[in-house]
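Data first, discussion second: the structure below is written as structure tokens.
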Amino acid sequence: MNPILRVENSSIEFGGIVALNQVHFQIPRNQISALIGPNGAGKTTLFNCVTGFYRPRNGKIFLHGARQTSELCGLLNPGWLSRDLGWLQSLQARFFGGSHVLNHLGVARTFQNIRLFQQMSVMENLLVAQHTKLKGNLFSGLFNTKAYVNSERTALEIARYWLDFFELSPYLNKLAAELSYGQQRRLEIARALCTRPQLLCLDEPAAGLNPQETADLSRLLQRLCAQSQLSILLIEHDMRLVMEISQHIIVLDHGEVIAIGTPTQIQQHPQVLAAYLGTEYG
Amino acid sequence: MHLKHALKDALLVGVLALLLFLPMTGIALAENYSFNARLHVPFLLAGMVMLGRFIFSYALHTYHSRQWVKRLIHREDRPRFIPWVRPQRRWILLILFIFGLVLPFTLSNYGLNTAILALIYVLLGLGLNIVVGLAGLLDLGFVAFYAVGAYTFALGGQYFGLGFWGAIPVAAAIAALCGVLLGFPVLRLHGDYLAIVTLGFGEIIRLILTNWIEVTGGPNGVQVPTLQIFGFEFTRIAKAGGVPIHEYLGVAYSTAYRYWFLYLVLFLVVCAMIFILNRLRSLPIGRAWEALREDEIACRSLGINPVTVKLSAFSMGAMVGGVAGVFFAAQQGFINPTSFTFFESALILAIVVLGGMGSTLGVVLAAIVLTLLPEVLREFSQYRIVLFGGLMVLMMVWRPRGFISLQRRQFEGAA
């Protein structure tokens with residue numbers, strides 16, 4: 001397997017509760033992988049580790065990007081002077097958290113409870129996502145220099161592409177708060193994609209969607225994975241969706257990986273059945 | 001049914017009113033320091049309250065009043081635009097600009113002073129609007145930057161011979177630095193906690209200015225250098241070794257020249273600031289400020305560094321406040337710490353909230369209204385604050401998003 005993400009023996013505790021215990025797995029490149037498990041299994045905690053919102057106590061998380069391999073935990077727990085980050089960034093990561101750095105390496109995410117910029121328009125949401133890609137500073141922007149205009153044009157084009165892809169083009173000037181729930185979910189994915197990631201992490205993308213919207217989402221995600229150089233990791237409770245679109249499944253229970261495999265393997269895995277349905281003997 | 005309900009309501013309110021009015025109006029002080037019962041007054045008042053309440057609650061059940069209440073309570077979530085200030089209508093802006101340029105020559109000295117004060121508050125409102133309206137960081141100590149600007153000009157002139165023109169960039173830089181200094185410790189704070197720390201910061205600056213007597217002159221204040229342009233002065237007799245401008249031009253001396261000069265420079269600065277702020281709104285940094293206001297965690301997930309975004313908002317806002325301070329010092333000619341109390345911060349915040357968070361035009365209008373209102377209402381100066389409060393309450397009921405809501409940039413659809 002040619003993995004994009006490798007999680008090695010990562011553990012994290014919250015006040016004595018072991019949320020993740022020696023989690024060890026990797027996910028393949030350019031495929032859809034799913035992370036499933038009962039409530040409280042540690043799926044979202046793992047997500048937060050991968051996307052830089054939590055720092056695992058030990059273990060390593062490697063992102064095998066197109067150009068370089070980066071160790072994500074090291075970026076979150078830098079020493080006073082990390083070679084990868086430079087002194088200013090490492091100082092900042094130490095005091096204020098450096099989770100934004102992970103996005104620069106190519107990890108983008110959505111949230112279980114939608115976190116859009118509600119009082120900004122749809123297009124503005126997508127432009128904010130390209131903040132770090134827009135060239136130029138205050139002055140080049142104020143005086144409309146050529147470099148700035150060009151980079152803004154590119155940003156608008158990319159935003160329009162993803163709006164089109166997620167069928168949101170008619171709403172580009174609407175406030176995000178005015179969209180329906182399903183549209184907001186799609187906009188959040190579009191916004192994450194605007195940061196041009198290599199690994200897209202979706203936290204329950206189908207939660208709260210009706211069957212029609214779920215079917216649309218499944219179609220869009222499959223198309224997305226097929227046509228762009230993108231690996232997707234998703235958490236989902238809708239098993240039909242998971243079995244339909246993912247090629248690779250990781251099952252977590254009580255903070256431990258209990259099974260890894262293809263959908264058919266997972267469906268017959270005794271431990272998975274036990275975790276979901278309970279064992280015969282209690 | 002409605003009648004019964006209304007009667008019950010009125011009775012309850014009447015009892016409450018009686019309880020309230022009995023001690024307040026029912027006892028009159030007699031000449032020999034004894035008390036006389038004056039019971040007809042509280043009963044009369046309570047009766048009036050009962051009648052009013054009865055009419056009110058009975059009327060509320062009619063169809064029209066229900067519709068009215070519904071309209072009142074319904075919060076407008078959609079931004080409302082004032083149609084006649086669309087950016088396409090450039091000529092309106094041009095007329096306003098020319099009007100602003102001609103205005104000082106038609107005003108008396110008193111009017112000029114008020115106009116300058118209004119423009120200073122416009123500038124302050126615009127500065128705070130960046131911090132509160134756009135970046136959503138509640139700052140209750142904005143007056144600190146105003147004070148820093150004013151004192152930079154005054155003390156810079158006293159110790160380093162800093163002139164008016166030099167003071168503008170220097171004050172902007174020092175105020176921005178103060179903004180960053182304030183910004184660092186509060187990076188991890190939100191909402192109420194942030195408000196309290198900024199409030200403290202405002203007071204710290206004022207207390208330093210009051211108590212560091214050897215440098216700032218303390219409560220005695222400090223003299224501000226005279227205004228100059230190309231070496232010409234606006235005083236009757238040259239003070240700083242230049243030539244008084246009326247002598248050079250061969251016209252009679254008038255105090256108005258100084259105000260004209262100050263007004264025109266300030267007006268141009270305000271126009272430039274409005275242009276820059278409007279532009280910033282559609283630039284990456286302006287969008288990042290707004291995004292930070294909406295959701296900081298989402299910002300992080302998109303690779304935006306919240307630290308730099310917050311600090312830039314603080315320093316930009318502080319910079320504008322510092323420049324406003326220089327003009328304030330120049331207008332007053334003499335400053336002391338009593339001009340920079342918490343009340344000023346509250347006033348500036350009121351301007352931003354009344355004008356509509358984040359809306360440039362709204363802030364400009366609110367600043368002008370809130371400076372002119374006390375001047376117009378000089379006779380009832382005791383009730384000024386009551387009026388302010390009333391205005392705020394009315395605004396929050398009818399237009400919770402301020403006079404004018406933010407106008408968003410419109411994008412063209414996919415080609």
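The values are calculated or read from the model by the stated rules, or taken from the named source; none is laboratory data. If you're wondering where the values come from, they're calculated on a predicted model, not measured in any experiment. Ideal geometry is used to build each Cβ from the backbone, glycine not excepted, and the neighbour counts take in all protein chains shown.
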Inset, instruction - Check whether at least one residue in the range B:214-223 is loosely packed, with under 13 Cβ neighbours inside 10 Å, assigned by TED's automatic domain parsing to the domain that holds B:Ala135 and of a type in the set (Asp, Glu), and report yes or no. - result: yes
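Output yes when any residue across the range B:255-273 is within 14 Å of chain A (Cβ to nearest Cβ), at pLDDT 80 or above, assigned to a helix (DSSP H, G or I) and under 30 Å from B:Leu365 (Cβ atoms), and no when none is.
Yes, the range B:255-273 contains a residue that is within 14 Å of chain A (Cβ to nearest Cβ), at pLDDT 80 or above, assigned to a helix (DSSP H, G or I) and under 30 Å from B:Leu365 (Cβ atoms).
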Legend entry - Residue that is of a type in the set (Ser, Thr, Tyr), within 30 Å of A:Gly106 (Cα to Cα) and in the same structural domain as B:Asn129 (by TED's automatic domain parsing), where the choices are B:Thr308, B:Thr235: B:Thr308
Legend entry - Filter result for B:Arg287 (within 11 Å of chain A (Cβ to nearest Cβ), more than 19 Å from the chain's Cα centre (by Cα), in a helix (DSSP H, G or I) and surrounded by 24 or more Cβ atoms within 10 Å (Cβ to Cβ)): yes
Inset, instruction - Could you grab me the full set of residues in the range B:149-161 that are surrounded by fewer than 24 Cβ atoms within 10 Å (Cβ to Cβ) and among the hydrophobic types (A, V, I, L, M, F, W, C)? - result: B:Leu155, B:Phe160
Inset, instruction - Hey, could you check the range B:173-197 for residues that are assigned to a helix (DSSP H, G or I) and in contact with a helix residue (DSSP H, G or I) (Cβ under 7 Å, 6 or more places away or on another chain) and say which is surrounded by the fewest Cβ atoms within 10 Å (Cβ to Cβ)? - result: B:Val180
Inset, instruction - Being in a loop (DSSP other than H, G, I, E, B) and facing chain B (nearest Cβ under 9 Å) is the filter; apply it to the range A:128-142 and report the residue that is modelled with the highest pLDDT. - result: A:Gln130
Inset, instruction - Pairs only if they're at least six apart or on different chains, beta carbon under 6 angstrom, first in the range B:44-61 and over 14 Å from B:His5 (Cα atoms) and in the same structural domain as B:Leu12 (by TED's automatic domain parsing), second in a helix (DSSP H, G or I) and aromatic (Phe, Trp, Tyr); list them, first residue then second. - result: B:Leu45/B:Phe21; B:Ala46/B:Phe21
Inset, instruction - Could you tell me whether any residue of the range A:182-204 is surrounded by fewer than 21 Cβ atoms within 10 Å (Cβ to Cβ), in the same structural domain as A:Leu234 (by TED's automatic domain parsing), of a type in the set (A, V, I, L, M) and under 16 Å from the mean Cα position of the chain (by Cα)? - result: no
Inset, instruction - Could you tell me whether the range A:102-112 includes any residue that is surrounded by fewer than 23 Cβ atoms within 10 Å (Cβ to Cβ), facing another protein chain (nearest Cβ under 8 Å), farther than 20 Å from A:Phe14 by Cβ and at pLDDT below 75? - result: no
Inset, instruction - Could you tell me whether A:Arg55 is modelled with pLDDT of 85 or more and among the basic types (Lys, Arg)? - result: no
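Could you please find all residues in the range B:5-37 being of a type in the set (Asp, Glu) and either closer than 16 Å to B:Leu51 by Cβ or surrounded by 12 or more Cβ atoms within 10 Å (Cβ to Cβ) (or both)?
B:Asp9
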Inset, instruction - Find all pairs meeting these conditions: Cβ atoms under 7 angstrom apart; at least six residues apart or on different chains; first residue within the range A:154-173 and facing chain B (nearest Cβ under 8 Å); second residue among the polar types (S, T, N, Q) and part of a loop (DSSP other than H, G, I, E, B). - result: A:Asn173/B:Gln410
Inset, instruction - Can you give me the number of residues within the range A:176-202 that are more than 9 Å from every other protein chain (Cβ to nearest Cβ) and part of a helix (DSSP H, G or I)? - result: 10
Inset, instruction - Pairs only if they're at least six apart or on different chains, beta carbon under 8 angstrom, first in the range A:20-34 and without any contact (Cβ under 8 Å) to a residue 40 or more places away in the chain, second of a type outside the set (A, V, I, L, M, F, W, C); list them, first residue then second. - result: A:Gln26/A:Pro3; A:Gln26/A:Arg6
Inset, instruction - Any chance you could count how many residues in the range A:238-275 are small (Gly, Ala, Ser), crowded, with 17+ Cβ neighbours inside 10 Å and either touching a Cys at 6+ places or on another chain (Cβ under 7 Å) or at negative phi (or both)? - result: 3
Legend entry - the range B:371-382: number of residues that are surrounded by 12 or more Cβ atoms within 10 Å (Cβ to Cβ) and without any contact (Cβ under 8 Å) to a residue 60 or more places away in the chain: 3
